[in-house]
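The values are calculated or read from the model by the stated rules, or taken from the named source; none is laboratory data. What you see is a predicted model, and the numbers here were worked out from it, not measured in a lab. Cβ coordinates were reconstructed from backbone atoms using ideal geometry, including for glycine residues, and neighbour counts include every protein chain displayed. Please note that ligands, DNA and RNA were not included when accessible areas were found on the heavy atoms of the full protein model with its side chains. Shrake-Rupley method; radii C 1.70, N 1.55, O 1.52, S 1.80 Å.
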Amino acid sequence: SSVTEDGTTNLLYTFSRTGSTAAPLTVNYTVGGTATLGVDYTGIAPTPVTKSITFAAGSATATVSVDPTADRTQEANETVALQLVSGGIYTVGTSSAVIGTIGNDDLIGSAARNTIVGTAVAEFIDGLQASDTLSGGVGPDVFGFRYSHSTITAPDRITDFRFGTDTIDLFTSSGGNLAAPTGFTRASTNNTATTLAALATAVFTDANGALTGNQALGANRAALVVATRSPIAGTYLFINDGNAGRNNNNDLLVNITGYSGTLPGLGVIPVGSVFA
């Protein structure tokens, strides 16, 4: 009776009849609740206002499947209420509405510095502006990042990224959808940089630790790197925007302070293993 809006499970309403099932039977119902048909979910025709469902001959049950529509908006949980309507050739056994819930699974921050902690369900998490700390919980979770919001000078932090399970989705600064990077590599472990600026210089100069010589971090490309020197020791993800070269105010930097799963090795990494 409760599902998440971005999940794979639908709300399933089962209509049951008693008595003879020899002939087909069409019964009527209405749809209510706080969720909006056609916006928050599909699976039921928008018209007419009074809906109908038909029991096949020989069947005592019929079902309606409500498919929640995924979005990237933090909102209250919403309901879908189906209620039987009396008819001339049948009597209603369940007179009250049967209510299912579409649970919000989007956690969105603000322009301030946020600490966002996920739950046991799969969620979309976006800290928005400022340097945020994001924890997905059990997941699998999608972390959203907008260009100019998690920058080289003020990166966001993910405390529990799970390689092979969690993913990252990219957006413009205003929230428009962007494609995943066109390439993804891991740079050589950096044992010298003690500032994020120095680390950025090194990665943008050579983003592929499996090849000799310098392989610059190109436009629309991402690179993972491990830094070992204090005070910046940790794992970092650089994502170059659509313009060649480094831009401290727009290119993305995410500090992965804690992770599980296997850290990808040096060289080329499949884009789809980390990016949605």
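What the table shows:
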{"read-out": "Any hit, segment 33-46, residues being farther than 30 Å from Gly139 by Cα and open to solvent by less than 30 Å² (accessible area, probe 1.4 Å)", "value": "no"}
{"read-out": "Positions within segment 210-229 being more than 17 Å from Val254 (Cα to Cα) and of a type in the set (S, T, N, Q), in sequence order", "value": "Thr212, Asn214, Gln215"}
{"read-out": "Pairs with Cβ under 9 Å, 6+ apart, first in segment 25-38 and under 16 Å from Thr14 (Cβ atoms), second aromatic (Phe, Trp, Tyr) and in a strand (DSSP E or B)", "value": "Leu25/Phe55; Leu25/Tyr90; Val27/Phe15; Val27/Phe55; Val27/Tyr90; Tyr29/Tyr13; Tyr29/Phe15"}
{"read-out": "Residue in segment 80-99 that is closer than 17 Å to Thr167 by Cβ and touching a residue at least 60 places away in the same chain (Cβ under 8 Å) present", "value": "no"}
{"read-out": "Residues located in segment 120-136, provided they are open to solvent by 10 Å² or more (accessible area, probe 1.4 Å), over 13 Å from the mean Cα position of the chain (by Cα) and more than 21 Å from Pro264 (Cα to Cα)", "value": "Ala120, Leu128, Gln129, Ala130, Ser131, Thr133"}
{"read-out": "Selection from segment 140-164 of residues that are open to solvent by less than 60 Å² (accessible area, probe 1.4 Å) and under 12 Å from the mean Cα position of the chain (by Cα)", "value": "Asp141, Val142, Phe143, Gly144, Phe145"}
{"read-out": "Strands (runs of 3 or more DSSP E) contained entirely in segment 1-73, each with at least 1 residues that are modelled with pLDDT of 95 or more and over 33 Å from the mean Cα position of the chain (by Cα)", "value": "11-16, 25-32, 51-55, 61-68"}
{"read-out": "Pairs where the first residue, in segment 134-163, is more than 23 Å from Asn248 (Cα to Cα) and the second is surrounded by 24 or more Cβ atoms within 10 Å (Cβ to Cβ) and of a type in the set (Gly, Ala, Ser), C-beta under 9 Å, 6+ apart", "value": "Val142/Gly136; Asp160/Gly136; Phe161/Gly136; Arg162/Gly136"}
{"read-out": "Any chance Gly234 is under 28 Å from the mean Cα position of the chain (by Cα) and at pLDDT 95 or above", "value": "yes"}
{"read-out": "Flag for Ala187 being surrounded by 17 or more Cβ atoms within 10 Å (Cβ to Cβ), closer than 19 Å to Ala227 by Cα, out of contact with any strand residue (DSSP E or B) (no Cβ under 6 Å at 6 or more places or on another chain) and in contact (Cβ under 8 Å) with a residue 24 or more places away in the chain", "value": "no"}
{"read-out": "Evaluation of Leu84 against (1) surrounded by fewer than 21 Cβ atoms within 10 Å (Cβ to Cβ); (2) assigned to a loop (DSSP other than H, G, I, E, B) (one fails), failing number", "value": "(2)"}
{"read-out": "Check on Ala276, more than 24 Å from Thr133 (Cβ to Cβ) and open to solvent by 20 Å² or more (accessible area, probe 1.4 Å)", "value": "no"}
{"read-out": "Any hit, segment 59-67, residues being within 20 Å of Val142 (Cβ to Cβ), out of contact with any helix residue (DSSP H, G or I) (no Cβ under 9 Å at 6 or more places or on another chain) and open to solvent by 30 Å² or more (accessible area, probe 1.4 Å)", "value": "yes"}
{"read-out": "In segment 119-139, residue modelled with the lowest pLDDT [restricted to those that are hydroxyl-bearing (Ser, Thr, Tyr) and part of a loop (DSSP other than H, G, I, E, B)]", "value": "Thr119"}
{"read-out": "So Ser96, is it surrounded by 12 or more Cβ atoms within 10 Å (Cβ to Cβ) and at pLDDT 95 or above", "value": "no"}
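Residues are listed down the side, and each one gets a yes or a no for (1) polar (S, T, N, Q); (2) within 23 Å of Ala276 (Cα to Cα); (3) surrounded by 14 or more Cβ atoms within 10 Å (Cβ to Cβ); (4) in contact (Cβ under 8 Å) with a residue 40 or more places away in the chain:
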| site | (1), (2), (3), (4) |
| --- | --- |
| Ala198 | no, no, yes, no |
| Asp206 | no, no, yes, no |
| Gln215 | yes, no, yes, no |
| Leu224 | no, yes, yes, yes |
| Ile232 | no, no, yes, no |
| Leu237 | no, yes, yes, yes |
| Leu253 | no, yes, yes, yes |
